[in-house]
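The values are calculated or read from the model by the stated rules, or taken from the named source; none is laboratory data. Everything numeric in this text was worked out from a predicted model, so none of it was measured. Please note: Cβ atoms are built from the backbone with ideal geometry, for glycine as well, and neighbour counts cover all protein chains shown.
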Amino acid sequence: MSEAGSPYLELMSVIGHELRRPLTVIRGAATLLLDTESRMPPDRALEMLRLIDVNVEDMSDLIEDLLLMVHLEARDLGLFMEPIEVAEVVATALETERRRLGDHAVTVLGAAPGLVVEADRGRSVRALRALLSNATRFSPAGSPIEISVAAKPGRVRIEVQDRGPGIPAAERDAAFERFRRGSQGAGLGLGLYLVRGLARAMGGEAGAADRAGGGATVWFTLGRSG
């Protein structure tokens, strides 16, 4: 195996692994539904259908992340920039990520009504979802997560704070590189890459810092409207 081919093969292996897990669950649930026909109790059948729905959503998000990566690399990402309330971005991201947040209590600070940014609605929600997913992945079970919104001159900074191991200062810039996976080795390693890419595409920036008392603070900015 050549050195040039090794990263490519590793990437294909990771993608295959990430797709195999939800596909296995979907196939198992669908097969069980088909084999039992109408003999399965309604509540059990509903549970199988929910399993299918959840894992289809996970696969859809994975594929969407890969497509976003391609467009960011090609610099042809389509954006629809418009005035959006930050509170709406936060609420939508939280609603979408609620299942994955599990028992993490999330506190929101500073997302006051009337604070408006000029951004793409779907892309800004996706960036915040990626930060929430990153915090969930690296935080101890049940530990608190905080979303903090700060209005600055000409921009708004949206940050997510967790109580995980944090990101060493020497590794913070590299953490936003494509396919950079954390010590747990889970996922594609695209989350923070997408956050920075989406923020920059909308005229903002992204970065990371320590959280007081331990943990990480990861943020992105968007331009203020009005």
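Data overview
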quantity: Single condition GLU97 does not satisfy, out of (1) under 19 Å from PHE220 (Cβ atoms); (2) out of contact with any Leu (no Cβ under 8 Å at 6 or more places or on another chain); (3) free of Cβ contacts under 8 Å to residues at least 40 places away in the same chain; calculated: (2)
quantity: Qualifying residue in segment 65-72 (condition: in contact with a Lys or Arg (Cβ under 8 Å, 6 or more places away or on another chain) and closer than 30 Å to ALA201 by Cα); calculated: yes
quantity: Residues of segment 23-44 satisfying the condition of being more than 16 Å from VAL56 (Cα to Cα), in a helix (DSSP H, G or I) and not hydrophobic (A, V, I, L, M, F, W, C); calculated: ASP35, THR36, GLU37, SER38, ARG39, PRO42, ASP43, ARG44
quantity: Considering residues of segment 192-221 that are surrounded by 18 or more Cβ atoms within 10 Å (Cβ to Cβ) and in contact with a Ser or Thr (Cβ under 6 Å, 6 or more places away or on another chain) only, the residue modelled with the highest pLDDT; calculated: GLY204
quantity: Unique match (being modelled with pLDDT of 90 or more and either on the phi > 0 side of the Ramachandran plot or not charged (D, E, K, R) (or both)) among ALA111, ALA130, ALA169; calculated: ALA130
quantity: Qualifying residue in segment 142-160 (condition: buried (at least 20 other Cβ atoms within 10 Å of the Cβ), outside the structural domain of SER13 (by TED's automatic domain parsing) and assigned to a loop (DSSP other than H, G, I, E, B)); calculated: no
quantity: Yes/no for PHE220 being touching a residue at least 60 places away in the same chain (Cβ under 8 Å), in the same structural domain as GLU88 (by TED's automatic domain parsing), within 20 Å of GLU18 (Cβ to Cβ) and in contact with a helix residue (DSSP H, G or I) (Cβ under 9 Å, 6 or more places away or on another chain); calculated: no
quantity: Any hit, segment 176-196, residues being under 17 Å from HIS71 (Cβ atoms), in a helix (DSSP H, G or I) and out of contact with any Phe, Trp or Tyr (no Cβ under 7 Å at 6 or more places or on another chain); calculated: yes
quantity: Among the candidates ALA130, ALA111, residue that is of a type in the set (A, V, I, L, M), crowded, with 17+ Cβ neighbours inside 10 Å and not in a loop (DSSP other than H, G, I, E, B); calculated: ALA130
quantity: Tally, over segment 67-87, of residues that are assigned to a helix (DSSP H, G or I) and under 10 Å from VAL117 (Cβ atoms); calculated: 1
quantity: Residue tally, condition part of a strand (DSSP E or B) and either closer than 18 Å to GLY207 by Cβ or without any contact (Cβ under 8 Å) to a residue 24 or more places away in the chain (or both), over segment 114-127; calculated: 2
quantity: Residue satisfying all of: in segment 1-54; over 25 Å from the mean Cα position of the chain (by Cα) and closer than 29 Å to ARG180 by Cβ; modelled with the lowest pLDDT among these; calculated: MET1
quantity: Criterion (modelled with pLDDT of 90 or more, of a type in the set (Lys, Arg) and crowded, with 18+ Cβ neighbours inside 10 Å) met by exactly one of ARG75, ARG123; calculated: ARG123
